[in-house]
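Engineer: What follows is a single structure, and I will ask about it in a moment.
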Amino acid sequence: QRVMKAVSLLEGGFESINTYDTGFLSVGFIQFATLKEGGGSLGEVLLQFKSDFPQDFNVDFRRFGIDVDETGKLVAMNPVSGDEKFGSEAVALIIDDKRLTAVFQRAGATSENFKIEQLKVAKQRFYPSEDVLTVMLNGKPTQVKVCQIVRSEAGLATLFDRKVNTGNIRVLGSICERICAEQGLDSIEDLASCEYDIIRD
């Protein structure tokens with residue numbers, strides 16, 4: 001909880017909306033984004049919300065003209081013409097029509113279950129502790145979970161933030177490899193003792 005709160009301070013609240021950056025439409029406490037294709041992590045949140053709480057989804061989104069298809073792409077109805085748009089065209093419509101943008105703000109402010117789905121997807125998709133790295137230890141490739149070498153909340157928050165903003169923490173493996181080689185480390189415990197250097201790099 002504290003790790004997510006720390007990263008959320010840099011991103012926004014459950015009701016936050018951003019329509020002017022590289023994520024195209026970004027929503028929520030870690031700015032789940034549709035990206036250009038019109039689905040992305042925001043589509044994943046909506047799809048899980050629709051599956052877990054269909055009645056709430058209808059109340060909070062569908063009745064206002066916002067939906068998500070089975071692939072996680074957004075669907076939006078033009079409030080004036082009644083035309084349906086899909087994927088990237090739906091995102092463009094939502095960005096252009098502030099009535100549709102406000103649907104997300106309202107849900108983020110009033111729907112406990114929409115907040116829960118944001119937390120669930122953030123944990124499943126971006127929380128780094130269970131990610132597995134392969135590191136050379138004692139001349140052997142060794143699989144290591146992130147939580148075995150990064151144990152502090154500050155370290156996990158740094159990696160969580162990186163994963164939210166770039167989609168991955170692949171660079172962590174090469175950093176660990178270099179530190180192992182430079183310092184002659186041969187165990188997971190030795191590598192864990194270098195957490196500060198790992199996160200700093």
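Engineer: Provide a single number: the residues in region 30-49 that are of a type in the set (S, T, N, Q) and outside any loop (DSSP other than H, G, I, E, B).
Structural biologist: Within region 30-49, residues that are of a type in the set (S, T, N, Q) and outside any loop (DSSP other than H, G, I, E, B) number 2.
Engineer: Sticking with this structure for a sec: Just checking, does region 136-145 include any residue being part of a loop (DSSP other than H, G, I, E, B) and at pLDDT below 95?
Structural biologist: Within region 136-145, the first condition is being part of a loop (DSSP other than H, G, I, E, B), and the residues that meet it are 138-139.
With the extra rule that they be at pLDDT below 95, the set shrinks to 138-139.
Looking for residues that are part of a loop (DSSP other than H, G, I, E, B) and at pLDDT below 95, one finds at least one in region 136-145, hence yes.
Engineer: Still on this model: Mind listing just one residue for me: the one in region 1-35 that is out of contact with any Gly (no Cβ under 9 Å at 6 or more places or on another chain) and among the charged types (D, E, K, R) and, of those, modelled with the lowest pLDDT?
Structural biologist: Asp21
Engineer: Take region 27-49 and flag every residue that is surrounded by fewer than 20 Cβ atoms within 10 Å (Cβ to Cβ) and under 11 Å from Glu117 (Cα atoms). Before the answer, list the steps.
Structural biologist: As a first pass, look at region 27-49 and keep what is surrounded by fewer than 20 Cβ atoms within 10 Å (Cβ to Cβ): 35-37, 44, 48.
If the condition is that a residue be surrounded by fewer than 20 Cβ atoms within 10 Å (Cβ to Cβ) and under 11 Å from Glu117 (Cα atoms), then Glu44, Gln48 are the ones that fit.
Engineer: Among the numbered conditions (1) more than 19 Å from the chain's Cα centre (by Cα); (2) not in a loop (DSSP other than H, G, I, E, B), tell me where Val121 comes up short.
Structural biologist: Of (1) more than 19 Å from the chain's Cα centre (by Cα); (2) not in a loop (DSSP other than H, G, I, E, B), only one is false for Val121: (1).
Engineer: Asp161: surrounded by 14 or more Cβ atoms within 10 Å (Cβ to Cβ), under 27 Å from the mean Cα position of the chain (by Cα), charged (D, E, K, R) and part of a helix (DSSP H, G or I), yes or no?
Structural biologist: The answer is yes for Asp161.
Engineer: If you take the residues in region 50-79 that are assigned to a loop (DSSP other than H, G, I, E, B) and touching a residue at least 40 places away in the same chain (Cβ under 8 Å), which one is most open to solvent (accessible area, probe 1.4 Å)?
Structural biologist: Initially, region 50-79 is screened for residues assigned to a loop (DSSP other than H, G, I, E, B), giving 53, 61, 65, 69-73, 78-79.
After this cut, where a residue has to be touching a residue at least 40 places away in the same chain (Cβ under 8 Å) as well, the list is 53, 61.
Details: Phe53: 60, Phe61: 0 Å².
Result: Phe53.
Engineer: Does region 1-15 hold any residues that are farther than 22 Å from Ser129 by Cβ, open to solvent by less than 30 Å² (accessible area, probe 1.4 Å) and touching a residue at least 40 places away in the same chain (Cβ under 8 Å), and which are they? Walk me through how you get there before you give the answer.
Structural biologist: Just the residues of region 1-15 that are farther than 22 Å from Ser129 by Cβ, to begin with: 12-15.
From what is left, the residues that are open to solvent by less than 30 Å² (accessible area, probe 1.4 Å) are 12-13.
Of everything in region 1-15, just one residue is farther than 22 Å from Ser129 by Cβ, open to solvent by less than 30 Å² (accessible area, probe 1.4 Å) and touching a residue at least 40 places away in the same chain (Cβ under 8 Å), namely Gly13.
Engineer: Still on this structure, please answer the following. Which of the numbered conditions does Pro128 fail, given that it passes all the others? Conditions: (1) under 23 Å from Asp201 (Cα atoms); (2) free of Cβ contacts under 8 Å to residues at least 60 places away in the same chain; (3) outside any loop (DSSP other than H, G, I, E, B); (4) not polar (S, T, N, Q).
Structural biologist: Answer for Pro128: the failing condition is (3).
The values are calculated or read from the model by the stated rules, or taken from the named source; none is laboratory data. The shown structure was predicted, so the numbers you read here are calculated from the model rather than taken from an experiment. Note: ideal-geometry Cβ built from the backbone for every residue, glycine included; neighbour counts use all protein chains shown. Accessible surface areas use protein heavy atoms only, side chains included; no ligands, DNA or RNA. Shrake-Rupley method; radii C 1.70, N 1.55, O 1.52, S 1.80 Å.
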